[in-house]
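Undergrad: I'd like to ask some things about the structure below.
The values are calculated or read from the model by the stated rules, or taken from the named source; none is laboratory data. Here the structure is a predicted model, which is why all the values come from computation and not from measurement. Note that each Cβ is placed from the backbone with ideal geometry, even for glycine, and that neighbours are counted across all protein chains shown.
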Amino acid sequence: MKSWCKNLLAAGLSLAMLSACSSSDVEEEPVSELTAIQATVFPEVSWSASVGSGVGDYYSRLMPAVRYGKIFAADRYGKVIAFDEATGDRVWTKDFSEEFRDNALAKNKGARIAAGVTAARNKVFVGGESGLLAALNIEDGQVLWHIVAGGELLSKPTVADDVVVVSTSSGSLEAFNVDTGDKLWVYKMQLPNLTLRGTGSAAYEAGGFFIGTADGKVAVVVKNNGQAAWEQAIYNPTGGNEFTRMADVDMTPLILGDNLYAVSYNGNLVSMELRTGRIVWTRKYSSFNELASAGLSLFLVDDHSRIYSVDRRNGLELWSNSELTNRTLTSPAVYKDYLVVGDFEGYLHFIDRSTGTIVGRIQVDSSGLYSQPLVVDDKIYVQGRSGKLAVVTLP
């Protein structure tokens, strides 16, 4: 398959957009088969539970949250479940398909939860393709408030003090009071004619929300008034058609000290000054995944599921691994001395973060893993497409 068709498919563009990639003029790109490895670590599933019906084959970045002694998780169809972190026992279940059957969700064909889960300020926040943003009580799951935002919510809400913000598919960053749901401000971003399906969550630092845009920029929006402090392009789109000009920054800017790191689709990996937005260095990579970091290294999964380690001081490549090419890898996460990524067949791979060598793997859910693994203390939390929620540990 031509590279741009494969990339759009992996990113979850609508079927209408994908119709340009007809079977008559493209060939399928090969998916790397798993080969034998010299395993040095032997991960195991120490606990698992079912979270509703999962997300099926839909685009989603739903992932669990662990806080307040509980594990919070959701499925696409409206279930939000809390488990006791210590025992794994179910504490409560909330079903949005029942809660809002006669209003906002009914006319939008169900909950379609795709944004979350975020746990903060003694609340659980989830959002969905219907525009729903809801805050739940962490103790019993009761809905404290809910609103309908100005577009689809496809990434986790971000909470900073008394404000919760969401990035919408219509190109806006919307802020609400964390306790009441009252709208505080809206920051509008330019939306190109053609974008990837997805948005990145905002990062928060020093009174500002840092957000990637669909037209290849990073902006910082002041929490108190919703005004932009600065906006900087990290890639200037070029090309003869809208596909080659796509430059979405569909990830959460990674803030480390005085620097910010971001990557765009079809574009660049950059280091920027946090205060001014000045670009420190630029390297050519294309990705719609989150970045991870440990020490002086950045870790990146590109749009073909190739994995890279880059020196964050200067952007020099330290190692690369193409053994999992086109396996629709999740965003990477750092766990102890390893980098962990999931794939479309449900395998969780352990990679030595010093060398890039695959040193262990375990199949968690044969339906596939789709969102970034969550690392909390010595545990890795992963959620499969079938709805399986699992904790993976190293013995």
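Undergrad: Identify, from the list Val218, Val222, the residue that is surrounded by 23 or more Cβ atoms within 10 Å (Cβ to Cβ) and either in contact with a helix residue (DSSP H, G or I) (Cβ under 7 Å, 6 or more places away or on another chain) or not aromatic (Phe, Trp, Tyr) (or both). Show your work before the answer.
TA: Details: Val222 fails: surrounded by 23 or more Cβ atoms within 10 Å (Cβ to Cβ).
Only one candidate passes the filter, namely Val218.
Undergrad: Could you list, in sequence order, the residues of segment 182-205 that are within 21 Å of Gln372 (Cβ to Cβ), outside any loop (DSSP other than H, G, I, E, B) and not charged (D, E, K, R)?
TA: The initial filter retains those residues of segment 182-205 that are within 21 Å of Gln372 (Cβ to Cβ), namely 195-205.
From the residues that got through so far, the ones that are outside any loop (DSSP other than H, G, I, E, B) too are 203-205.
Ala203, Tyr204 - these are the residues of segment 182-205 that are within 21 Å of Gln372 (Cβ to Cβ), outside any loop (DSSP other than H, G, I, E, B) and not charged (D, E, K, R).
Undergrad: Has segment 51-67 got any residue that is surrounded by fewer than 12 Cβ atoms within 10 Å (Cβ to Cβ) and either at pLDDT 95 or above or in contact with a Leu (Cβ under 7 Å, 6 or more places away or on another chain) (or both)? Lay out the reasoning, then the answer.
TA: First, pick out the residues of segment 51-67 that are surrounded by fewer than 12 Cβ atoms within 10 Å (Cβ to Cβ): 57.
Next, from what is left, pick out any that are either at pLDDT 95 or above or in contact with a Leu (Cβ under 7 Å, 6 or more places away or on another chain) (or both): none.
Checked segment 51-67: no residue is surrounded by fewer than 12 Cβ atoms within 10 Å (Cβ to Cβ) and either at pLDDT 95 or above or in contact with a Leu (Cβ under 7 Å, 6 or more places away or on another chain) (or both).
Undergrad: Take segment 322-341 and flag every residue that is within 13 Å of the chain's Cα centre (by Cα) and over 22 Å from Glu44 (Cβ atoms).
TA: Answer for segment 322-341, where residues must be within 13 Å of the chain's Cα centre (by Cα) and over 22 Å from Glu44 (Cβ atoms): just Ser331.
Undergrad: Being β-branched (Val, Ile, Thr), closer than 22 Å to Ser60 by Cα and surrounded by 21 or more Cβ atoms within 10 Å (Cβ to Cβ), is that true of even one residue in segment 195-205?
TA: Of the residues in segment 195-205, the ones β-branched (Val, Ile, Thr) are 195, 199.
The next check asks that each one be closer than 22 Å to Ser60 by Cα; those that pass are 195, 199.
Applying the additional criterion that residues be surrounded by 21 or more Cβ atoms within 10 Å (Cβ to Cβ) yields 195, 199.
Scanning segment 195-205 turns up at least one residue that is β-branched (Val, Ile, Thr), closer than 22 Å to Ser60 by Cα and surrounded by 21 or more Cβ atoms within 10 Å (Cβ to Cβ).
Undergrad: Count, please, the residues in segment 225-246 that happen to be surrounded by 23 or more Cβ atoms within 10 Å (Cβ to Cβ), in contact (Cβ under 8 Å) with a residue 40 or more places away in the chain and not β-branched (Val, Ile, Thr). Talk me through it step by step, then tell me what you get.
TA: Within segment 225-246, the first condition is being surrounded by 23 or more Cβ atoms within 10 Å (Cβ to Cβ), and the residues that meet it are 234-235, 246.
Next, from what is left, pick out any that are in contact (Cβ under 8 Å) with a residue 40 or more places away in the chain: 234, 246.
Retained after the next criterion (residues that are not β-branched (Val, Ile, Thr)): 246.
Qualifying residue count for the region: 1.
Undergrad: I would also like to ask the following. Tell me, which residue of segment 296-319 that is assigned to a loop (DSSP other than H, G, I, E, B) and within 22 Å of the chain's Cα centre (by Cα) is farthest from Met246 (Cα to Cα)? Even if it seems obvious, please write down each step before you answer.
TA: First pass over segment 296-319, keeping only residues assigned to a loop (DSSP other than H, G, I, E, B): 296, 302-306, 312-316.
Applying the additional criterion that residues be within 22 Å of the chain's Cα centre (by Cα) yields 302-306, 312.
Numbers: Asp302: 15, Asp303: 13, His304: 16, Ser305: 18, Arg306: 20, Arg312: 25 Å.
Step by step, filter segment 296-319, then rank; the result is Arg312.
Conditions (1) surrounded by fewer than 17 Cβ atoms within 10 Å (Cβ to Cβ); (2) modelled with pLDDT under 95; (3) touching a helix residue (DSSP H, G or I) at 6+ places or on another chain (Cβ under 6 Å); (4) of a type in the set (Lys, Arg), marked per residue:
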| site | (1), (2), (3), (4) |
| --- | --- |
| Asp250 | no, yes, no, no |
| Thr282 | yes, no, no, no |
| Leu316 | yes, no, no, no |
| Asn326 | no, no, no, no |
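Undergrad: Only residues that are surrounded by fewer than 17 Cβ atoms within 10 Å (Cβ to Cβ) and either in a strand (DSSP E or B) or at pLDDT below 95 (or both): list them for segment 151-171, please.
TA: Within segment 151-171, the subset surrounded by fewer than 17 Cβ atoms within 10 Å (Cβ to Cβ) is 161-162, 170.
Passing the criteria: only Ser170.
Undergrad: Here's another thing I want to ask about it. I need the full set of residues from segment 354-375 which are within 21 Å of the chain's Cα centre (by Cα), outside any strand (DSSP E or B) and not hydroxyl-bearing (Ser, Thr, Tyr), in order please.
TA: Residues satisfying the conditions are Val364, Asp365, Gly368, Gln372, Pro373.
Undergrad: A further question follows. Only one of these conditions is not met by Asn266: (1) over 27 Å from Ala390 (Cα atoms); (2) at pLDDT 95 or above. Which number is it?
TA: Among (1) over 27 Å from Ala390 (Cα atoms); (2) at pLDDT 95 or above, the lone unmet condition for Asn266 is (2).
Undergrad: Let me ask something else. For Val80, are the conditions met, namely being in a strand (DSSP E or B), crowded, with 16+ Cβ neighbours inside 10 Å and either touching a residue at least 24 places away in the same chain (Cβ under 8 Å) or in contact with a helix residue (DSSP H, G or I) (Cβ under 8 Å, 6 or more places away or on another chain) (or both)? First the steps, then the outcome.
TA: Details: in a strand (DSSP E or B): yes; crowded, with 16+ Cβ neighbours inside 10 Å: yes; either touching a residue at least 24 places away in the same chain (Cβ under 8 Å) or in contact with a helix residue (DSSP H, G or I) (Cβ under 8 Å, 6 or more places away or on another chain) (or both): yes.
Criteria met by Val80.
Undergrad: Ok, one more. May I ask you to verify whether Val391 is assigned to a strand (DSSP E or B) and surrounded by 22 or more Cβ atoms within 10 Å (Cβ to Cβ)? I'd like the intermediate steps shown before the answer.
TA: On the way: assigned to a strand (DSSP E or B): yes; surrounded by 22 or more Cβ atoms within 10 Å (Cβ to Cβ): yes.
Here the answer is yes, as Val391 does meet what is asked.
Undergrad: If I go through segment 14-44 residue by residue, how many of them are modelled with pLDDT under 50 and either part of a loop (DSSP other than H, G, I, E, B) or aromatic (Phe, Trp, Tyr) (or both)?
TA: Step one: filter segment 14-44 for residues modelled with pLDDT under 50, giving 14-26.
Adding the requirement that they be either part of a loop (DSSP other than H, G, I, E, B) or aromatic (Phe, Trp, Tyr) (or both) leaves 14, 19-26.
Qualifying residue count for the region: 9.
Undergrad: Continuing with the same structure: Scanning for something within 30 Å of Ile351 (Cα to Cα) and more than 17 Å from the chain's Cα centre (by Cα), does segment 217-228 turn up at least one residue?
TA: no
Undergrad: Which ones in segment 175-211 are within 18 Å of the chain's Cα centre (by Cα) and not aromatic (Phe, Trp, Tyr)? Spell out the reasoning first.
TA: Residues of segment 175-211 that are within 18 Å of the chain's Cα centre (by Cα), as a first pass: 195-204, 209-211.
Once the filter is applied, which keeps residues that are within 18 Å of the chain's Cα centre (by Cα) and not aromatic (Phe, Trp, Tyr), segment 175-211 yields Thr195, Leu196, Arg197, Gly198, Thr199, Gly200, Ser201, Ala202, Ala203, Ile211.
Undergrad: To continue, here is another question. Select from segment 119-153 the residues that are among the β-branched types (Val, Ile, Thr) and under 14 Å from Phe72 (Cα atoms) and list them in ascending order.
TA: First pass over segment 119-153, keeping only residues among the β-branched types (Val, Ile, Thr): 124, 126, 138, 143, 147-148.
Listed by number, the residues that qualify are Val124, Val126, Ile138.
Undergrad: Could you please let me know if Val164 is more than 22 Å from Met272 (Cα to Cα) and over 20 Å from the mean Cα position of the chain (by Cα)? If you could, list the steps in order and put the result at the bottom.
TA: On the way: more than 22 Å from Met272 (Cα to Cα): yes; over 20 Å from the mean Cα position of the chain (by Cα): no.
Taking the combined requirement at face value, the residue does not satisfy it.
Undergrad: Considering only residues that are in contact with a Lys or Arg (Cβ under 7 Å, 6 or more places away or on another chain) and buried (at least 22 other Cβ atoms within 10 Å of the Cβ), which ones fall in segment 365-388?
TA: In the first step, residues of segment 365-388 are kept if they are in contact with a Lys or Arg (Cβ under 7 Å, 6 or more places away or on another chain); the result is 365, 367-368, 370-371.
Correct list: Asp365, Tyr370.
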